[in-house]
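One structure below.
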Amino acid sequence: MPVRLRATEDLVPITDLRQNSARIVKRLRTERRPVIILQRGRSAAVMENVEDFEQRLERLELLEAIVRGLQASRRSKSVSNAQVMRELRKAAVG
């Protein structure tokens, strides 16, 4: 589910991160919204809950596999259902 950015809460200057890191990490765990770290007033990095990061990577890998499959089917290079399932299982484990 997409997370809506709350600019008043989710933009954190790097000095605030240094001074309040424990509070910010706790908020990441409880609210499950990413934080954009600002350096010199510009976005420099994103912090997010580890579980959300892992789920995002899994979704990205699945979407990339779907795109590869669609591209292969357009080139008439079909892949068997069994091969697709093996690759999906391998991606889920690895």
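Leaving out ligands and nucleic acids, note down the accessible area per residue over the chain with a 1.4 angstrom probe, in whole Å².
Details: 7910 Å² over 94 residues.
On a per-residue basis, 84 Å².
Please report the antiparallel percentage of the DSSP beta bridges confined to the chain, to the nearest 5. Walk me through the numbers before you get to the answer.
Values: 5 of 8 bridges.
Antiparallel: roughly 60 percent of the beta bridges in the chain.
Longest segment of the chain with no trypsin sites (Lys or Arg not before Pro) in a DSSP loop having at most 16 other Cβ atoms within 10 Å?
Between exposed loop sites, the widest span is 41-74.
Can you tell me the 0 to 90 degree angle between the C-alpha axis of helix 81-93 and the longest principal axis of the chain, rounded to 10?
Around 30 degrees separate the two axes.
When the chain is fully extended, how far beyond the present Cα-Cα distance does THR30 get from LEU63, taking 0.36 nm per residue of separation?
Using 0.36 nm per residue and subtracting the Cα-Cα distance, I get 9.1 nm.
Given a 1.4 Å probe and every protein chain left where it sits, what share in percent of the accessible area of the chain is carbon and sulfur?
C and S atoms contribute 55 percent here.
Shape of the stretch 1-61 from its Cα gyration tensor (a ≥ b ≥ c, root eigenvalues): rounded if a/c is under 1.5, otherwise prolate when a/b > b/c, or oblate?
Numbers: a/c = 1.95, a/b = 1.61, b/c = 1.21.
It is prolate, given that a/c is not under 1.5 and a/b is the larger ratio.
Is the C-alpha gyration tensor of the stretch 38-94 telling us rounded, prolate or oblate? Criteria: a/c under 1.5 is rounded; beyond that, a/b larger than b/c is prolate, otherwise oblate.
Verdict is oblate for the stretch 38-94.
Angle between the Cα long axis of helix 21-31 and the longest principal axis of the chain, 0 to 90 degrees, nearest 10?
In the chain, helix 21-31 runs at an angle near 50 degrees to the longest axis.
Of the candidates ILE66, ILE37, ILE14, which one comes out as most mobile in a Gaussian network treatment of the chain with C-alpha springs shorter than 10 Å?
Per the Cα network of the chain with a 10 Å cutoff, ILE66 tops the list.
The values are calculated or read from the model by the stated rules, or taken from the named source; none is laboratory data. Note that this is a predicted model, so its numbers are computed, not measured. Cβ sites come from the backbone with ideal geometry, for glycine too, and all protein chains shown count toward neighbours. Note: areas computed on protein heavy atoms with side chains; ligands, DNA, RNA excluded. Shrake-Rupley method; radii C 1.70, N 1.55, O 1.52, S 1.80 Å.
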